[in-house]
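The values are calculated or read from the model by the stated rules, or taken from the named source; none is laboratory data. Being a predicted model, the structure only gives us computed values, none of them experimental. Positions of Cβ are backbone-derived with ideal geometry, glycine not excepted, and every protein chain shown enters the neighbour counts.
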Amino acid sequence: MRRLISSGSPFEAEVAYSRAVIDEDWIFVSGTTGFDYATMAISEDVAEQTEQTLRNIAAALAEAGASLADTVRVRYILPRAADFPACWPVLRRYFGDVRPAATMIAAGLIDPRMKIEIEVTARRRA
């Protein structure tokens, strides 16, 4: 069973992707940023962007019948590697007990306002 999830972000329609794809028990959440999709506002602070990003991801996972606790893999992408330590307290709050396999990549993002993008893979538990 394959099902697509949309957050309603205009980026999804413009770039032709889904916020998440469910394939049986697996949930693949696309790279997600710190935009509040209801207002299309984004904070200038990397920690606040991290918080909003994880709320966006949690919403997609909830729609898929899962939660951040089901995360098995996470990728962090930041334009400035030096910003990553500022994200750690937020990441510990959300993933401290989950401890998924993780990778951090320093790379440019499409919008200069974006300071972090996070992609997760989760698996629903029986």
Qualifying residue in region 109-122 (condition: modelled with pLDDT of 95 or more, under 14 Å from the mean Cα position of the chain (by Cα), basic (K, R) and surrounded by 17 or more Cβ atoms within 10 Å (Cβ to Cβ)): yes
Qualifying residue in region 74-82 (condition: surrounded by 12 or more Cβ atoms within 10 Å (Cβ to Cβ), more than 23 Å from A102 (Cβ to Cβ) and of a type outside the set (A, V, I, L, M, F, W, C)): no
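Against the condition modelled with pLDDT of 95 or more and surrounded by 13 or more Cβ atoms within 10 Å (Cβ to Cβ), how does T71 come out, does it pass? Give the derivation first.
Values: modelled with pLDDT of 95 or more: yes; surrounded by 13 or more Cβ atoms within 10 Å (Cβ to Cβ): yes.
The answer is yes for T71.
Kindly indicate which of T121, T71, T50, T103 is touching a strand residue (DSSP E or B) at 6+ places or on another chain (Cβ under 8 Å) and over 30 Å from M1 (Cβ atoms).
Working: T121 fails: over 30 Å from M1 (Cβ atoms); T71 fails: over 30 Å from M1 (Cβ atoms); T103 fails: over 30 Å from M1 (Cβ atoms).
After applying the criteria, what remains is T50.
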Residues within region 66-89 that are in a helix (DSSP H, G or I), touching a residue at least 12 places away in the same chain (Cβ under 8 Å) and among the small types (G, A, S), tallied: 3
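Of the residues in region 90-108, how many are basic (K, R) and either part of a loop (DSSP other than H, G, I, E, B) or buried (at least 18 other Cβ atoms within 10 Å of the Cβ) (or both)?
Going through region 90-108, the residues basic (K, R) turn out to be 92-93, 99.
Narrowing the set further to residues that are either part of a loop (DSSP other than H, G, I, E, B) or buried (at least 18 other Cβ atoms within 10 Å of the Cβ) (or both) leaves 99.
Residues in region 90-108 being basic (K, R) and either part of a loop (DSSP other than H, G, I, E, B) or buried (at least 18 other Cβ atoms within 10 Å of the Cβ) (or both): 1 in total.
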Which numbered condition A62 misses (of (1) in contact (Cβ under 8 Å) with a residue 12 or more places away in the chain; (2) surrounded by 11 or more Cβ atoms within 10 Å (Cβ to Cβ); (3) farther than 17 Å from D45 by Cα): (1)
Number of positions in region 12-30 that are closer than 17 Å to E117 by Cα and surrounded by fewer than 19 Cβ atoms within 10 Å (Cβ to Cβ): 5
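How many residues are of a type in the set (S, T, Y) and over 16 Å from Y76 (Cα atoms) when one looks only at region 18-38? Quick ask: steps written out before the conclusion?
Within region 18-38, the subset of a type in the set (S, T, Y) is 18, 30, 32-33, 37.
Now narrow it down to the ones that are over 16 Å from Y76 (Cα atoms): 18, 37.
Number satisfying all stated conditions: 2.
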Filter result for A126 (aliphatic (A, V, I, L, M) and either modelled with pLDDT of 95 or more or more than 20 Å from G8 (Cα to Cα) (or both)): yes
Whichever residue in region 1-47 is in a loop (DSSP other than H, G, I, E, B), among the aromatic types (F, W, Y) and out of contact with any strand residue (DSSP E or B) (no Cβ under 6 Å at 6 or more places or on another chain) and, among such residues, is modelled with the lowest pLDDT: Y37
